[in-house]
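Below is one structure, written out as structure tokens; the observations come after it.
Readers should treat all values here as calculations from the given coordinates under stated rules, not as data from a laboratory. Just so we're clear, the structure is a prediction, and the values are computed from it rather than from any experiment. Ideal geometry is used to build each Cβ from the backbone, glycine not excepted, and the neighbour counts take in all protein chains shown.
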Amino acid sequence: MIEYRTADGEFQTRYEILRSVFICTTRGVNSFEEGMEFCRAVAKKYSDATHNCYAINALDGQKFSDDGEPQGTGGQPIMQVIKNKGLVNVACVVTRYFGGIKLGAGGLCGAYTKSAAECLDVAKVVTKKLSCEAELRLDYNEYAVFNALAKNRGYIVTNTDYHDFVDTTFVFPVGKKEEVEEEVKRLTSGKKQLKILRETFFAYP
């Protein structure tokens, strides 16, 4: 996978039906384990609730839980909403406070689906692309040219340190690696080399 859509940040909505209150909390995560930590934290925050159903759809794992609701009525509908919206690396918890009126299996599925869908509808969604994070040491005159080039090419500068020279860290899509290496070669007359630090997923403006 070279890119995916995910939630950028944490979002929450509230939905009520037949006196039962459904609070949906969702967040974009970087891994399955981070998603599990988030779900545990939400369940702890709402430990007085009747149920904390959740779903995690991550690049490195998936899981959903009905947390005591009838099988297939809580976690699975939440997971289906996440997948229907084409989102990855997302954790979603729907907290239910029972209002005294039973909704039935169909009603529960509908309520958990609606709660998750409303929350993901308000979430800011971004596309993260598989990218190279690279480091480059330049003279000041080279950096001025590079900085303008980076803005024009869509490279994202993430850190710059100024000394007798300039150390800059930036990211760009993996598919542009050869292009960037050629740009650096031309810019420095072949005197400087690009140092690739790692590959990571990054959201571009």
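Computed extension gain for residue 50 through residue 62, at 0.36 nm per residue and net of the alpha carbon distance, reaches 2.0 nm.
Helix 104-122 and the long axis of the chain differ in direction by around 30°, with both axes built from C-alpha atoms. Other residues with beta-carbon under 14 Å from the beta-carbon of residue 179 carry, at +1 per Lys or Arg and -1 per Asp or Glu, a net charge of +1.
Looking at segment 8-61, which trypsin sites (Lys or Arg not before Pro) are in a loop (DSSP not H, G, I, E or B) and have at most 14 other Cβ atoms within 10 Å? Could you put the intermediate results ahead of the total?
Numbers: sites: 14, 19, 27, 40, 44, 45; in loops: 19.
Those that pass, being in a loop and sparsely packed, are 19.
In the chain, which longest range has no chymotrypsin sites (Phe, Trp or Tyr not before Pro) that are both DSSP loop (not H, G, I, E or B) and surrounded by at most 15 other Cβ atoms within 10 Å? Mind dumping the intermediate values first?
On the way: sites that count: 98, 165.
Result for the longest clean stretch: 1-97.
Ordered by the number of other Cβ atoms lying within 10 Å of each residue's own Cβ, fewest first, 51, 163 fall into the sequence 163, 51. Who wins for biggest fluctuation among 25, 113, 158 in a Gaussian network model of the chain, springs between alpha carbons below 10 Å? Maximum fluctuation in the GNM of the chain, among the listed residues, is at 158.
Could you pull out the trypsin sites (Lys or Arg not before Pro) across segment 84-185 that fall in loop regions by DSSP (anything but H, G, I, E, B) with no more than 14 other Cβ atoms inside 10 Å? Qualifying residues, ordered by number: 102, 124. For segment 3-123, compute the number of Lys pairs whose alpha carbons are separated by less than 20 Å, excluding pairs fewer than 8 positions apart on the same chain. Final tally of qualifying lysine pairs is 7.
For the Cα atoms of the chain, what angle does the longest principal axis make with the long axis of helix 32-45, in degrees from 0 to 90, nearest 10? Here the helix axis deviates by roughly 50 degrees.
Straight-line cross-link reach from residue 151 at under 22 Å between alpha-carbon atoms covers these lysines, not counting any fewer than eight positions away in the same chain: 128, 129, 176, 177, 185, 192, 195. Between the alpha-carbon centres of segment 48-71 and segment 160-205 there is a gap of 41 Å.
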